[in-house]
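Everything on this sheet refers to the single structure shown next.
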Amino acid sequence: MQQFIAKFEKDIRGVMSGFDRVLFRGSLRRLTHSLGMKWYLSQNDILCKQYEDHVKAVSQQVKKAALGPFQQQNLLVKHVYGSDDKEKIARAFAVERGITEGDVCALTAMEMAPTFQHYKTDMAIRPRPCLTIYHYRIDPEWGWMPTTS
C-alpha cells in the first residue's frame, strides 16, 4: 500500500483504511430513470415496444463478453443459487486447481434489480430478477479480487 501511495501521491486527495475491501459502485445516471431510458431508446431509433427484444440482445452480448475469457481458459463458469456461498465456491476452486494468480472463475446468480418495463408509451421501473455475474481473480499484488457485472 505504501508503494502505491508513494507512486501516486500527487494524485491522491485522501487515504481510507478499514476492513479488507472497498466496494465501488457506479451507474449510468441517464439510465436510472424512465425518461433517461426513453432518451436512450430514442437516440438509438428503438421503439418502446422493441425494448424487451433490444435488452435481451444486449444482455446476451454482455454475458458472452463477461464469461468468454473464463470459458476460453477452461475455468469454472457456474450458476449458483441464493443460499450458496459464492466466495467459498470460488476459493475452493482456486485451491482445487492450484490457481495462485490470474482469473479463477465466474459465478452467475439471479438477483433482484431495478429494470424497465414497456407500459403503453412509457417505460416503468420494476424490480425483477436479473442475472448477476461474479468474477473472481487473484492479483499478484492486491490478492483476492471479486467483482460483479
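The values are calculated or read from the model by the stated rules, or taken from the named source; none is laboratory data. Since we're looking at a predicted model, the values are computed, not measured. So basically every Cβ, Gly included, is an ideal-geometry build from the backbone, and we count neighbours across all protein chains shown.
Here is how the numbers come out for the structure above:
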read-out	value
Selection count, region 95-119, where residues are surrounded by 13 or more Cβ atoms within 10 Å (Cβ to Cβ) and aromatic (Phe, Trp, Tyr)	1
Residues within region 126-145 that are touching a helix residue (DSSP H, G or I) at 6+ places or on another chain (Cβ under 6 Å) and either farther than 20 Å from His79 by Cβ or not aromatic (Phe, Trp, Tyr) (or both), tallied	1
From the options Ile99, Ile138, Ile133, Ile89, residue that is hydrophobic (A, V, I, L, M, F, W, C) and assigned to a loop (DSSP other than H, G, I, E, B)	Ile99
Of the criteria (1) at pLDDT 95 or above; (2) hydrophobic (A, V, I, L, M, F, W, C); (3) more than 14 Å from the chain's Cα centre (by Cα), which one Ile46 fails	(1)
Any hit, region 120-134, residues being within 30 Å of Gln3 (Cα to Cα) and either surrounded by fewer than 17 Cβ atoms within 10 Å (Cβ to Cβ) or in contact (Cβ under 8 Å) with a residue 40 or more places away in the chain (or both)	yes
Within region 95-114, considering residues that are of a type in the set (Gly, Ala, Ser) and over 13 Å from His135 (Cβ atoms), the one nearest to the chain's Cα centre (by Cα)	Ala113
Per-region count, region 32-49, residues outside any helix (DSSP H, G or I) and exposed (fewer than 13 other Cβ atoms within 10 Å of the Cβ)	3
Unmet requirement for Arg137, which otherwise passes all of (1) more than 22 Å from Leu28 (Cβ to Cβ); (2) within 14 Å of the chain's Cα centre (by Cα); (3) surrounded by fewer than 14 Cβ atoms within 10 Å (Cβ to Cβ)	(3)
Qualifying residue in region 50-68 (condition: in contact with a strand residue (DSSP E or B) (Cβ under 7 Å, 6 or more places away or on another chain), at pLDDT 90 or above, at negative phi and assigned to a strand (DSSP E or B))	no
Test: residue in region 22-30 that is outside any loop (DSSP other than H, G, I, E, B), within 14 Å of the chain's Cα centre (by Cα), hydrophobic (A, V, I, L, M, F, W, C) and modelled with pLDDT under 95	no
